[in-house]
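The values are calculated or read from the model by the stated rules, or taken from the named source; none is laboratory data. Small disclaimer: the values here were computed from a predicted structure and weren't measured. All Cβ positions, even for glycine, are placed from backbone atoms using ideal geometry, and neighbour counts span all protein chains on display.
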Amino acid sequence: MSKLRTYIKESSEIFYWKIRKFREKKLTNFHYEYFYKDYFGLSKDFYQGKKILDIGCGPRGSLEWADMTSERIGLDPLADKYLRLGAKNHKMKYVKGQSENIPFGDNYFDVVCSFNSIDHVENLKLSCEEIKRVLKPGAVFLLIADTHKKAQLCEPQSINWSFLEKYFPKFEITEEKHFEKYKHRIFQSIRNNVAFDHKNPKERFGVLTAKLIRK
């Protein structure tokens with residue numbers, strides 16, 4: 001991706017978050033805990049003492065609920081700008097960086113999450129290789145992703161239903177679900193719990209969720 005395209009993409013994303021904050025007054029994070037825990041069948045005890053990384057975390061404080069972990073880190077190219085949107089008041093740590101070059105050592109994290117972010121990366125293959133690298137053997141990767149066939153400015157990667165098979169073939173997939181997309185709202189789509197109709201896919205969007213374990 002060219003520097004100009006990256007600049008436009010990041011400017012568009014921070015503008016989106018500024019608009020969200022203006023409309024909501026405060027960027028809340030109460031809805032995240034359900035998706036990190038209950039939705040994937042995980043408990044607070046599971047996260048006790050673990051190191052967790054949220055890729056493309058955004059500014060809401062996605063890991064504020066995780067005070068039982070030993071480290072809770074949000075990685076995002078816009079992390080420094082998020083601090084000025086209120087993220088400086090959060091207890092989780094924000095790290096500015098790209099998923100193509102995660103600034104942590106091999107086998108570092110017990111849990112890596114990508115919620116509505118994997119299609120935003122610049123290099124999908126390299127990002128997935130980095131996720132594999134920083135996960136410990138036996139560690140968990142949690143994924144929530146839009147599926148769509150056409151790349152866009154802020155979502156330059158087109159994710160399809162074969163994503164896991166192509167990019168994580170050696171991982172154990174303990175859970176995989178496909179949902180119909182509801183009004184471009186990814187988390188509400190999951191709560192609606194309407195299975196994607198693969199007999200009539202056409203050009204419609206969908207939502208892929210999965211829990212994987214690194215062997």
Any chance you could count how many residues in the stretch 1-51 are of a type in the set (Asp, Glu) and farther than 20 Å from SER189 by Cα? 4
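Can you work out which of the residues in the stretch 1-25 that are aromatic (Phe, Trp, Tyr) and within 18 Å of ASN116 (Cα to Cα) is surrounded by the fewest Cβ atoms within 10 Å (Cβ to Cβ)?
Filtering first and then ranking leaves PHE15.
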Are there any pairs, at least 6 apart or on different chains, whose C-beta atoms fall under 6 Å, with the first in the stretch 1-25 and in contact (Cβ under 8 Å) with a residue 60 or more places away in the chain and the second of a type in the set (Lys, Arg) and in a helix (DSSP H, G or I), and if so, which? ILE14/LYS81
Could you list all residues from the stretch 186-215 that are out of contact with any Lys or Arg (no Cβ under 9 Å at 6 or more places or on another chain), part of a strand (DSSP E or B) and not β-branched (Val, Ile, Thr)? LYS211, LEU212
Return yes or no: is ILE52 part of a helix (DSSP H, G or I) and either in contact (Cβ under 8 Å) with a residue 24 or more places away in the chain or of a type outside the set (A, V, I, L, M) (or both)? no
PHE179 vs. criteria within 19 Å of SER62 (Cα to Cα), touching a residue at least 24 places away in the same chain (Cβ under 8 Å) and surrounded by 13 or more Cβ atoms within 10 Å (Cβ to Cβ): no
Being in a helix (DSSP H, G or I) and of a type outside the set (Asp, Glu) is true for just one of ARG60, ARG23. Which residue is that? ARG23
Can you pull out the residues in the stretch 5-20 that are aromatic (Phe, Trp, Tyr) and either at pLDDT 85 or above or within 18 Å of LEU83 (Cβ to Cβ) (or both)? PHE15, TYR16, TRP17
Looking across the stretch 109-137 at residues that are in a helix (DSSP H, G or I), of a type in the set (D, E, K, R) and modelled with pLDDT of 95 or more, the single one that is surrounded by the most Cβ atoms within 10 Å (Cβ to Cβ) is GLU130
Which of the numbered conditions does ASP106 fail, given that it passes all the others? Conditions: (1) surrounded by fewer than 21 Cβ atoms within 10 Å (Cβ to Cβ); (2) in a strand (DSSP E or B). (2)
Does the stretch 70-87 hold any residues that are in a helix (DSSP H, G or I) and more than 22 Å from VAL111 (Cβ to Cβ), and which are they? ASP80, LYS81, LEU83, ARG84
Evaluate the following for GLY74: is it at pLDDT 95 or above, out of contact with any Lys or Arg (no Cβ under 9 Å at 6 or more places or on another chain), within 28 Å of ASN123 (Cβ to Cβ) and small (Gly, Ala, Ser)? no
